[in-house]
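As structure tokens, the structure follows; a few thoughts come after it.
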Ligand code: SF4
Ligand code: SF4
Ligand code: FES
């Protein structure tokens, strides 16, 4: 049971991948808990922490680890994490309650004092929660940081809240078809730095109608993430340019290994090698 089967990490995976504070550390005050268990090319958490409490290093696919003694629970890393995978837990909040701070990108935002529904990593109801702080400065770039107070026994389980007034807000959303298309200078494949304009040009020049064909022409999908990030957008661009539905297009062909590896690792002659995925 874990992220591969459930879509969210298990407590065991988190402890193994990112570390977990001791109860003594929890008793001292708020502390960041990183729940990022997959080796993705990403590291803003490391730069965001000016107390040097987050270590990721080289290569960029390393898993982040927290130095719990250096972390003071300032919450700055929460909105910096592109994966919304950082939480700050304060088990010293009161005798009976702990607080959990987490990223929240939905509208409307709750207000301090609101009673809301605390949900688990799986999105299941755990307990009632009281909002104690709502941080949403411009510097957080639309990723608000909410803090809720919950019964202490749920501090390792509750990681978000149920969205507010969902039915009311659904009516405000415009259908996807009404959104303007992706600008030509927008980078679609971040790994290879390929823009939407370059992909459109390739679709026209080579009559490219498959993700794999475009991959060979302009390298979109050939980067470190192997197209996991850009594949859907490339498919959408092909659909827009050719007037076909994405379900009619030839999907990308995924092949092992899931991450790039060196020949040395493949044949087992370099350190840490000998096994491939
Ligand atoms: S909560 Fe603050 S001190 Fe702790 S890891 Fe995040 S940015 Fe660093
Ligand atoms: S910024 Fe977030 S998603 Fe990226 S490596 Fe750090 S914890 Fe993981
Ligand atoms: S974004 Fe990673 S290969 Fe395109």
*Can you name the residue in the stretch 1-44 that is free of Cβ contacts under 8 Å to residues at least 12 places away in the same chain and under 15 Å from the mean Cα position of the chain (by Cα) and, of all such residues, is farthest from residue 226 (Cα to Cα)?*
7
*May I ask you to say which residue of 58, 69, 90 is in contact (Cβ under 8 Å) with a residue 12 or more places away in the chain, assigned by TED's automatic domain parsing to the domain that holds residue 148 and surrounded by fewer than 14 Cβ atoms within 10 Å (Cβ to Cβ)?*
69
*Check the stretch 86-109 and report whether any residue there is under 18 Å from residue 33 (Cβ atoms), in a loop (DSSP other than H, G, I, E, B), more than 16 Å from ligand 1 (Cβ to nearest atom) and touching a strand residue (DSSP E or B) at 6+ places or on another chain (Cβ under 9 Å).*
no
*Which numbered condition residue 236 misses (of (1) touching a strand residue (DSSP E or B) at 6+ places or on another chain (Cβ under 7 Å); (2) within 28 Å of residue 38 (Cα to Cα))*: (1)
*Do any helices (runs of 4 or more DSSP H) lying entirely in the stretch 184-265 carry at least 3 residues that are away from ligand 1 (no atom under 16 Å from the Cβ) and within 25 Å of residue 60 (Cα to Cα), and which ones are they?*
231-242
_Count of the stretch 32-74 residues which are within 7 Å of ligand 1 (Cβ to nearest atom) and touching a strand residue (DSSP E or B) at 6+ places or on another chain (Cβ under 7 Å)_ = 6
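The values are calculated or read from the model by the stated rules, or taken from the named source; none is laboratory data. Nothing here was measured: the structure is a model prediction, and the numbers come from that model. Backbone-built Cβ (ideal geometry, glycine too); neighbour counts: all protein chains shown.
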